[in-house]
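Each remark here refers to the structure printed beneath this line.
The values are calculated or read from the model by the stated rules, or taken from the named source; none is laboratory data. None of the values given here were measured: they were computed from a predicted structure. Here the Cβ positions follow ideal geometry from the backbone for every residue, glycine too, while neighbour counts run over all protein chains shown. SASA here: full protein model, heavy atoms, side chains in, ligands and nucleic acids out. Shrake-Rupley method; radii C 1.70, N 1.55, O 1.52, S 1.80 Å.
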Amino acid sequence: MHVVVIGGGVVGVTTAWELNRRGHQVTVLERHAIAGNETSKGNAAQRSYGVVYPWADPKMTFKALPWLLKQDGPLKLRVPPSLNAVRFMFSTLRYAWSPGLFGLNKRAMLRLGIHSQERFLKLEEELNLAFDGGHRGLLHLASTPEALEGYRSTQRTLNEMGIASRLLTPDQVYEAEPGMARNGPLSGALSYDTDGTGDCHLFSQELAKACESKGVSFRYKVEAERLTGSGQAVESVVFLDENGQQETLAADAFVVCAGCWSPELVRPLGLELPIYPVKGYSITVPLKNPDKAPFSTIHDDNYKVVSTRLGNRLRATGFVEMADFNRDIPEARIATIRKSVECRYPGCADLDAAETWTGFRPMTPDGPAIIGRGPRNNLYLNTGHGTFGWTLSAGSADVIAQVIDGEEPSVCLDAFRPGRYQE
Ligand SMILES: Cc1cc2nc3c(=O)[nH]c(=O)nc-3n(C[C@H](O)[C@H](O)[C@H](O)COP(=O)(O)OP(=O)(O)OC[C@H]3O[C@@H](n4cnc5c(N)ncnc54)[C@H](O)[C@@H]3O)c2cc1C
């Protein structure tokens, strides 16, 4: 079968890999000149299989307002908010307060996380990709005793799902992460022992090269405009090519992996995808004193900043901002991220040399991504991965390929079904 994948972020590239592995002819259409150059570029670099959770969390609704009011708070809202932002927030609240939904969705995401880890391990065994990746665990610091108490209930769910984790005392944290300074509040941490890290941007490009070597065709600098067809099937995709000329490409099946830009492609076919671009920021900086840097990836709950070691670089990431597709990088946001790094890992890097980045998480209001058959028989969706697209990419690529081949997916996809917003 010839399958067209729209979008060459980490989700599109992993999908192309799985489809090619199953013997399909695959063409990827990507707007940028290289793979993984949008949201997959500067993310927090965590493959946090045990951490995945839906945003629509009843507990989160109580934390949101104080976070909004605090200057260094992690949640930001552009004033006045757009209609889309308001609609998204109300929708999230509605899902957060739907009885039992958070627990169901969290377990569904964790199951996909476990599957994704298995697929990553296989893929890394098979291909020798250079992406500064590893599986050395992840720490969630607790800056207060209450935060540590909250981690105890998280741990109960992890135990139930068979995911390895440990609660650490402050001394055990400093032992696990000897580079961390004894600055800042610390009551302990939750250690996700088998979680991983890796540069998603490098991974996407390396895997795209591996795909090309197996015959996958990548069309870069092209923009998919619309899907055409009659009745219950999509026949072709119309796109603007490298020279701005319109081209039409026919195929047997189509997979939309266009992240935040997916809704426009399927709306004309009658499916409304409520994906909202939730903005975040990162800095990436070469290490000058690696002994003072984190060993793996650390979530500092004090500033809500994640710091991850990527070879001889440090990536630090923060903020959840509702500002639509605004790409500005305000100095105040970067200053907060720097403050967290300076507090926990002073002197590890020359922060003035940091490369700054902003990107948009393709968030759904309930939390799970959108994975499955779309509004036509041969149209499939693997999109809306929000905060966890890097983590879940290998697993979601495998299950969408199973769906396309008419097989029972390895993970139950009920929580991810594309039509759920119209039910
Ligand atoms: C600050 C921040 C930190 C994050 N940290 C983590 C983390 O630590 N771990 C984790 O798992 N996830 C993290 N994420 C989320 C993760 O980065 C995303 O979920 C993931 O990158 C989404 O991948 P994607 O391929 O779906 O989307 P994208 O990477 O955005 O790819 C979509 C691609 O489609 C292309 N495209 C769109 N429309 C068209 C069109 N019409 N024609 C052609 N091409 C098109 C785009 O150019 C783009 O390359 C973070 C995100 C942010 C913003």
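Identify, please: which residue in region 372-394 is buried (at least 22 other Cβ atoms within 10 Å of the Cβ) and more than 11 Å from the ligand (Cβ to nearest atom) and is, among those, nearest to ALA253 (Cα to Cα)?
LEU379
Can you list the strands (runs of 3 or more DSSP E) lying wholly within region 253-371 that have 3 or more residues being within 23 Å of VAL11 (Cβ to Cβ)?
Counting at least 3 such residues, we get 253-256, 276-286, 305-310, 313-322, 355-363.
When the residues of region 395-423 are narrowed to those that are among the acidic types (Asp, Glu) and touching a residue at least 40 places away in the same chain (Cβ under 8 Å), which ends up surrounded by the most Cβ atoms within 10 Å (Cβ to Cβ)?
In this case the residue turns out to be ASP398.
Would you say LEU93 is more than 21 Å from GLY389 (Cβ to Cβ) and hydrophobic (A, V, I, L, M, F, W, C)? Give the derivation first.
Values: more than 21 Å from GLY389 (Cβ to Cβ): yes; hydrophobic (A, V, I, L, M, F, W, C): yes.
Yes; evaluated as a whole, the condition is true for this residue.
(1) away from the ligand (no atom under 14 Å from the Cβ); (2) in a loop (DSSP other than H, G, I, E, B); (3) open to solvent by 10 Å² or more (accessible area, probe 1.4 Å); (4) at pLDDT 95 or above: which one isn't true of GLY244, the others all being true?
(1)
Of the residues LEU167, LEU227, LEU186, only one is surrounded by 18 or more Cβ atoms within 10 Å (Cβ to Cβ), among the aliphatic types (A, V, I, L, M) and farther than 30 Å from ASN20 by Cβ; which?
LEU186
Residues that are under 17 Å from PHE319 (Cα atoms): find the helices (runs of 4 or more DSSP H) completely inside region 1-105 holding 1 or more of those.
Working: elements: 10-21, 58-69, 83-96.
Those helices (runs of 4 or more DSSP H) span 58-69, 83-96.
Would you point out which residue out of LYS304, LYS288, LYS292, LYS339 is within 12 Å of the ligand (Cβ to nearest atom) and either open to solvent by 30 Å² or more (accessible area, probe 1.4 Å) or among the basic types (Lys, Arg) (or both)?
Numbers: LYS288 fails: within 12 Å of the ligand (Cβ to nearest atom); LYS292 fails: within 12 Å of the ligand (Cβ to nearest atom); LYS339 fails: within 12 Å of the ligand (Cβ to nearest atom).
None of the other options fit; the residue is LYS304.
For the condition within 14 Å of the ligand (Cβ to nearest atom), open to solvent by 10 Å² or more (accessible area, probe 1.4 Å) and in contact with a Lys or Arg (Cβ under 9 Å, 6 or more places away or on another chain), what is the one hit in THR14, THR39?
Values: THR14 fails: open to solvent by 10 Å² or more (accessible area, probe 1.4 Å).
From the options THR14, THR39, the qualifying one is THR39.
Is at least one residue of region 130-140 open to solvent by 50 Å² or more (accessible area, probe 1.4 Å), in contact (Cβ under 8 Å) with a residue 60 or more places away in the chain and more than 24 Å from the chain's Cα centre (by Cα)? Walk me through it before giving the result.
Residues of region 130-140 that are open to solvent by 50 Å² or more (accessible area, probe 1.4 Å), as a first pass: 130, 132, 135-136.
From what's left, in contact (Cβ under 8 Å) with a residue 60 or more places away in the chain: 130, 132, 135-136.
With the extra rule that they be more than 24 Å from the chain's Cα centre (by Cα), the set shrinks to none.
Looking through region 130-140, none of the residues is open to solvent by 50 Å² or more (accessible area, probe 1.4 Å), in contact (Cβ under 8 Å) with a residue 60 or more places away in the chain and more than 24 Å from the chain's Cα centre (by Cα).
Among the residues of region 141-199, count how many are part of a helix (DSSP H, G or I) and of a type outside the set (Phe, Trp, Tyr). Lay out the reasoning, then the answer.
Restricting attention to region 141-199, the residues satisfying the condition of being part of a helix (DSSP H, G or I) are 145-161, 170-176.
Cutting the leftovers down to of a type outside the set (Phe, Trp, Tyr) gives us 145-150, 152-161, 170-173, 175-176.
So the answer is 22.
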